[in-house]
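Everything on this sheet refers to the single structure shown next.
The values are calculated or read from the model by the stated rules, or taken from the named source; none is laboratory data. Predicted, not measured: the structure shown is a model, and the values here were computed from it. Heads up, the Cβs are rebuilt from the backbone with ideal geometry, glycines too, and the neighbour counts pull from every protein chain shown. Heavy atoms of the whole protein, side chains included, go into the accessibility calculation; ligands, DNA and RNA do not. Shrake-Rupley method; radii C 1.70, N 1.55, O 1.52, S 1.80 Å.
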Amino acid sequence: MSAEPLPSAFSTPQLSSLLTPAQKAGWQDDAVRLAGDNLTEQQREQLAAIIAASPHLNRAAVQFAADLPGLIQGDWEQILAQAEQDWQTSWPATSSDALLMKAVRRYRNRSHLAIAFAELLGQTSIGTSWGVLTSVAESGVRGVVGYLLKDQPAEGSGWVILGLGKLGAAELNYSSDIDLIALQDSQAEDVAAVKTPDQKGKYFSTLTRRLSQLLSQQTEDGFGWRVDFRLRPDPAVTPLCLSTDAALTYYESIARSWERAAFIRARPIAGDIRVGAQFLAHLSSFIWRRSLDYTVLDDLQIWLRHLPTPDGYRGFDVKLGAFGIRHLELLVHVLQLLGGGRHEVLRQFNTFAALDALASEGWLEADQIQQMKQCYSLWRQTEHRLQYLRDTQTHSLPRNDQEMAEFAAFAGLADAAEFRQTLEHLQQQTKMACSHPLMDRLLAAHKTGADETDRILASSADRTVNSRWLAEIGFSRPDDMMDIIDGWMSGRIPATRSERARGYLGRFLPPFLDSLGKASDPDSAFACFTELIRNLPAGAQIFALFVHYPQIADLVGNLLVKAPALTRQLSRKPALFDRLLDTEFFTPLSAAQMNWPPELLQIAQTEGAEQALDQLCLWASEIRFRVNVHFLQGLCSCEDASRQLSALADLCIDAVVRLARLDMERRYGQLSDNRFAVLGLGRLGSSQLTSASDLDLIFLYQSTADSTSNGRQSLSAGHYYNRLAQLIVSWLSVQTAQGKLFDIDTRLRPDGHSGPLATRLERLDSYYQTDAWPWEYCAFLKARILSADPDIKKATKQHVQKIKTTPPALSALADDMLLMRERFAADPESAQSLKKRAGGFMDAEFLAILLTVRKKNYDLITMPQGSPSQWLRQLSQEAEDTSELDAVCAGLDELELITQFTSLCLGKAASLISQSDSQQSWRALADQLGLASVEDIETKINENCQQIASVLEKNIKKNSNKQS
């Protein structure tokens, strides 16, 4: 069924029927004041309709009122010629940038007014209109280029300006940007005393920047032409003006398919035209392929937007909407790219010329060509009338009924209903006119596509649409994002150097960003994602993983939002992505399931300790990543995550002790008996490690006075065990190719920094009996045996238990706690530490120790892997009034959750909300705590700390001599 015939063009504008008689009369009076009283009634009505509908043309008519009588009489070509003559006279005589900008804007505004009136009043066709608009723009650019080159002729200057897009096609829109590429001749001789290639590049880039400013900068006279240089190679990082050699290298190596299509419409328009023609001739093989390359269909599929038709055509995009302008242009582009390599006649930059060439070669029928031209003209006329209204680069129809009715009158139609009917017929006619097997294939692929977002972002040629989409889904800096994405798609970073990687990135990125846009701070999440892929050594495998397993992409998006520190870990170790595919990755993890790689000792003996440490670090990073993801995704509790991380540390220490002992035996031989042990204190001792915790270690040994190793290089037992301890510390904290295991802290050993790294077991006992401060006793209560030779294990256990069950006097403990709290309070940094602030973890430990020692509940403090929070819970169960300690325990649990979460997400334990930190992480933490807002976190911390501090102070007061 054929559509009804289309009008060849819209009619002249009419005053809207929505205007009152008084309003209509007012506009008619304004028309007379502008153009004089010699107007006929019809002319007065037409002029009134134009200035009533278009604020832009109204202002221009006031500025050039002297031209209006001639324009109404049809003398638009003479007025255009006069404007051209004035411009050609003014720019060579101009002495300053300010005067030139005034002249070029006057030229553009006067010319555009003449062209708009000629088309609106039916004095010329839309095809003539876009051709003249192109000529005016070219003349404006050539004049500014001539001004910038001063007395130097354009020919021979080595500087050329290429026009692309609608400008290159000689079918410019009324309010279109002009797409330009500036090039400098790599072989040109020295210009303007410029000697070196770098100086020449800077010189021509400066000229290009000035060209853009002179044309585009907004002044009191408006703008000349908005200039877009983003079609040049990799615009985010390349200079405004490239050498021809650099541009050719880019296009012949990593340029994308849409860039090839863009050059169909490229032609030199200003400057050294010869250089431009030679460049395009060299580029010909890139644009036009000798073989019938049907992969172009897949490459240009992204251009077929076919945005859905809204109800009543409100807001319909005449360019990208279904069967709109892009639909026609795409068919022409595809046929040209397919056949242009073998048929030079198809290498036309203008759409109508290309259609005629396709007809002459038999690629399309003559009547089909005529229908396509008619549809294209009417779509372009609609586009122009939209842009006449406010001189904005828009393609969208009005979004409400009143504005739709007003626009229908401006198009010369009776009402909005007639306009909608015309559009519906135009869509049907376009669909039939463009019927072609190749177009049908593109449409079929479009319909079977998962989502419109699958086609977004794939082409920088649709930058405006892409930026608008990014803004619509929640990002506040879409233009900056497009600069970054363009760089990725240009292969600027290692992860996107290959075509395969860019292909997968283009497929997964749109739905991924759509999901990321729903985050509370999408821009921060995108910044984290940018850091992630910027650090990837390669991207094809990772991006393919995201395409084929979208649930993994969703998980990574969640990590980006909540845990930038974990994201940085992923970027440094992309192999961790593979672990997400393991079937057991998301199953519950227990300490019993962990075991370091069984081949570790064999690797150390055959390949060396360095390779063994690499393997251990890789294994540890995978386990740590799994635990962290489980915690972040709610698959395990905060306490479970702490215990699993602590178990991981235990295993790593055990492995490193064995590896270090093998190395010591290789170099120094063995001792007659092995008596070496490692104690863990702090969070490691209480099995409460976080992702950011270091390991507090004490090394112990026993030996006889004359014990020595039996190696070629013999060491006494004391030296032997100290070197072993040094090696263990070094290997646990060394940065390997796979990262490092842990940071190590040995300051809690007897005698601190002044004592040896490895301590005799007997000295441990005597130190805590005679030399240790009460606070050191408090720290030792969390000591736990991590590794011990059989011959020392029993003795170590006895010594540890003896120290724990022999506390200082209760008053001495309380006095020392009071002194420690005073020192913390005097340190400004303590207020930002959940450990040292009043009511923080140290205070909770002091409270637990004070109550336990007072009750002489030594079974409690010697329980395996006991922690102060566990002691407080047990003490609460034994208390007559449990409410006070229950409140302390609940608050301590929340502080522990905050520490675990910030350590994982921010890479540090934090108690104060900082603007430099990820606000997304704080919001996620607020959700974990069941709080309404981020601000409530600090309130919650203060409440919990006040509760803990209050109870502690009350108990210190009861036991301290200083407060008795």
Where region 638-806 is the region considered: accessible area per residue in Å², 1.4 Å probe: 41
Positive end of the charge dipole of the chain (Lys, Arg +1 and Asp, Glu -1 on Cβ, about the Cα centre): tell me which of GLN387, PHE407, LEU560 has its Cα farthest that way. LEU560
Rounded to whole Å², per residue accessible area for region 463-581 with a 1.4 Å probe reads 38
Ordered by packing density, taken as the mean number of other Cβ atoms within 10 Å over each peptide's residues, highest first, how do 591-601, 73-83 rank? 73-83, 591-601
Looking at region 306-360, what % of the alpha carbon pairs are farther apart than 16 Å? 48
Three-way shape call for region 463-581 based on the alpha-carbon gyration tensor, with the a/c threshold at 1.5: oblate
Treat region 56-112 as a sphere of radius equal to its Kirkwood radius over Cα pairs and apply Stokes-Einstein at 25 °C in a medium of 0.890 mPa s; give the translational diffusion coefficient in µm²/s, rounded to a whole number. 206
By a straight-distance test (C-alpha under 21 Å), which lysines pair with LYS518 as possible cross-link partners, with residues fewer than eight away in the same chain excluded? LYS562
Taking square-rooted eigenvalues a ≥ b ≥ c of the alpha carbon gyration tensor, is region 502-555 rounded, prolate or oblate, where a/c under 1.5 means rounded and, failing that, a/b exceeding b/c means prolate? oblate
With a 1.4 Å probe and every protein chain kept in, tell me what percent of the accessible surface of region 302-394 is carbon plus sulfur. 47
Spin-label point model (7 Å from Cα, Cβ direction): what's the GLU252 to THR206 distance in nm? 3.1
In straight Cα distance, which aspartates and glutamates are under 14 Å from LYS431, not counting same-chain residues fewer than 8 positions off? GLU4, GLU329, ASP440
Distance between region 133-188 and region 506-527 - C-alpha centres, whole angstrom: 38
In debye to the nearest 20, how big a dipole does the chain give about its Cα centre with +1 on each Lys and Arg Cβ and -1 on each Asp and Glu Cβ? 2180
If the viscosity is 1.567 mPa s and the temperature 4 °C, what translational diffusion coefficient in µm²/s does Stokes-Einstein give for the chain when Rh comes from Kirkwood over Cα pairs? 38
Please sort 542-551, 17-26, 368-377 by packing, taking for each peptide the average over its residues of neighbouring beta carbons within 10 angstrom, highest first. 368-377, 542-551, 17-26
Cα gyration tensor of region 670-778, axes a ≥ b ≥ c as square roots of the eigenvalues: rounded (a/c below 1.5), prolate (a/b > b/c) or oblate? oblate
For a quick size check, give me the Cα extents of region 1-124 along its three principal axes, largest first, whole Å. 57, 45, 23
Measuring from its Cα centre, region 378-418 shows a charge dipole (+1 at each Lys and Arg Cβ, -1 at each Asp and Glu Cβ) which, in debye to the nearest 20, is 200
Could you name the lysines whose alpha carbon sits less than 21 Å from that of LYS835, not counting residues in the same chain fewer than 8 places away? LYS782, LYS908, LYS940, LYS954
Ignoring ligands, DNA and RNA, what percent of the 1.4 Å accessible area of region 812-961 is carbon and sulfur? 45
Tell me the accessible surface of GLU829 in square angstrom (1.4 angstrom probe, heavy atoms of protein chains only), to the nearest ten. 140
Would you mind pulling out the separation of the Cα centroids of region 760-792 and region 653-700, in Å? 15
Which percent of the accessible heavy-atom area of region 152-287 goes to carbon and sulfur, probe 1.4 angstrom? 52
Calculated from DSSP helices alone, with each H run of at least 4 adding -39500 (n - 2.57) and the total divided by the residues of the chain, [θ]222 nm to the nearest 500 comes to -18500 deg cm²/dmol
Take peptides 435-442, 477-484 and line them up by average Cβ neighbours within 10 Å, highest first, as a rough protection proxy. 477-484, 435-442
On alpha-carbon atoms, Rg over Rh for region 550-633 using Kirkwood Rh? 1.02
For region 117-175, report the accessible area per residue in Å² (1.4 Å probe, heavy atoms, rounded to an integer). 25
